[in-house]
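Scroll down for the structure; my scribbles are underneath it.
Just so it is clear, none of the values below were taken in a lab; they were calculated from the coordinates. Note that the structure is a prediction, hence the values are computed from the model and not measured. A quick note on method: Cβ atoms are made from the backbone with ideal geometry, for glycine too, and the neighbour counts reach across all protein chains shown.
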Amino acid sequence: MDPKSTSGALAAVPMKERSLHWLGVLCAVVAGAWLGAAEAPAKLVVTGLSPFAVSLCMVAGVFVARWSFPTLLKGTTYIFRDLGRRRHLIVWALLAGGLWAVANTLTVIAIQDVGLSIAFPLWNANSLVGLLWGRVFFGELKGAGLGTRLRVVLGVLAVVLAAALLGFSSVSHPAVAGAHAVRGILAALGACVLWGTMYIPYRKAYISGMNPLSFVTAFTVGELATVATLAIALGGGVHALVSELHGARHLLFWLFLGGFVWVVGDLFQQFAAKYIGIGRGIPLTNTNQLWGLAWAALVFHELRHATGLQMLFVLGGSLGMIFGAILIGSAAASGREQTSRDDAVLRECTRYNLDYLETLHAQSGIESGIEANPDQSQPAGKRRWWDVLIMLVATAFFVCFALTAAPPAIPMSGFWIIVLSAALLVVLAAGVWRLRHETNFS
């Protein structure tokens with residue numbers, strides 16, 4: 001590519017990086033809140049459901065949500081057009097979905113063996129894995145000043161350490177001893193590595209200009225296929241799995257809902273990874289443990305018998321995680337670091353014969369006229385009849401599961417459910433408004 005045309009392309013991209021940085025930070029905050037809320041259904045593993053059945057039910061909700069949200073926001077015409085323009089990324093999306101599915105199953109096993117309080121900090125160390133891969137593969141923090149690098153690295157370490165403190169504040173996990181404990185710890189560490197590595201395809205897609213909504217549409221095919229294969233192969237076969245799910249049909253709605261809520265958080269995590277990278281975005285979204293703690297303590301009363309030392313862990317972990325998030329959020333990329341990112345974009349464009357200027361615009365959340373409506377024969381946001389059908393089918397799934405649902409036999413506080421749910425809706429509204437206003441969900 002001609003260096004002069006490259007310089008012209010760089011100059012043509014609007015200087016809105018600082019605004020995009022804070023948009024990415026907001027998306028990470030929204031993601032943390034919703035991912036934390038989705039943790040509550042993991043408690044249902046104590047009802048006797050196998051980890052494979054739990055994972056399959058949650059992924060069923062994930063699958064429905066991953067198709068309905070992109071359809072609602074952009075329409076399938078836009079999604080398939082975007083996928084068609086970057087076909088080489090579909091296999092990466094399928095790979096990422098497979099990694100997620102394996103990691104998610106490992107987390108359910110870890111929770112069952114050593115409890116959420118121990119398993120959660122172990123797999124949340126994926127922040128460190130993401131920071132490493134972001135630097136190695138995409139030049140994140142390359143060219144950043146010493147102060148910026150220190151804020152990001154210390155912020156990530158603070159979040160990881162705070163996660164450990166919050167984990168050990170719980171009084172509800174089983175004693176860690178025996179072969180099952182070793183299996184649970186290894187499962188949590190495996191999930192950590194897989195989830196940290198899973199973000200490589202994410203970032204690769206976004207520096208190539210793909211819309212996160214398009215990426216997750218292909219991603220979900222890989223995750224559903226993988227988790228279904230695991231459930232059938234390791235869960236005793238199709239007959240055993242169907243029998244188990246039929247016997248627990250009164251609980252399936254809550255697992256399905258948990259997967260649906262998780263997708264809301266994950267979609268915002270995708271936008272965070274796009275706009276501030278995986279080295280910053282992933283540790284910020286891992287503040288979901290603060291929200292998970294709020295649900296555990298306020299809704300499920302898990303800390304009602306906590307000792308003074310455990311409450312000290314809660315306070316120290318909460319403050320440490322907030323401090324780490326502030327450090328990372330304030331570390332906006334400098335001009336030299338943005339140049340390193342643009343070099344990574346150029347490498348992808350050269351490798352896959354993509355238009356550099358158009359990709360730079362897409363990476364900044366700006367749709368070119370050609371990409372938004374290449375044939376000029378249909379409005380870019382036009383909905384088709386099958387878009388309506390997808391939304392109706394998604395709604396029907398919820399109604400069918402809800403008709404057989406029964407409240408789990410776990411004491412809960414209705415007041416705090418309302419308060420925390422209202423907080424979720426507030427941060428969601430803020431995130432949706434900013435994304436719609438600044439990038440039109442691009």
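Figures for the structure shown
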{"read-out": "Of Leu26, Val314, Ser334, farthest towards positive along the dipole that unit charges on Lys, Arg, Asp, Glu beta carbons give the chain", "value": "Ser334"}
{"read-out": "Segment Arg347-Leu186, extension gain: residue separation times 0.36 nm, minus the distance between their alpha carbons", "value": "54.3 nm"}
{"read-out": "Lysine-lysine proximity count for the chain, Cα under 18 Å, sequence distance 8 or more or distinct chains", "value": "6"}
{"read-out": "Residue-averaged [θ]222 nm for the chain, counting only DSSP H segments that reach four residues, each worth -39500 (n - 2.57)", "value": "-25500 deg cm²/dmol"}
{"read-out": "Fewest-first ranking of Arg151, Arg347, using other Cβ atoms within 10 Å as the exposure measure", "value": "Arg347, Arg151"}
{"read-out": "Most positive-pole-ward Cα, Asn104, Cys349, Leu255, against dipole of the stretch 38-438 from beta carbon charges", "value": "Cys349"}
{"read-out": "Length-normalised contact order of the stretch 208-329 in % [C-alpha pairs under 8 Å, at least 6 apart]", "value": "21"}
{"read-out": "Ser208, Ser334, Ser421 arranged by Cβ crowding within 10 Å, fewest neighbours leading", "value": "Ser421, Ser334, Ser208"}
{"read-out": "Relative contact order %, the chain, counting alpha carbon pairs below 8 Å whose residues are six or more apart", "value": "34"}
{"read-out": "Residue order, fewest to most beta carbons within 10 Å, for Lys274, Lys74, Lys204, Lys142", "value": "Lys142, Lys204, Lys74, Lys274"}
{"read-out": "Nearest-20 debye value, the chain charge dipole, Cβ charges on Lys, Arg, Asp, Glu", "value": "380"}
{"read-out": "Volume per residue of the C-alpha convex hull in the chain, rounded to whole Å³", "value": "137"}
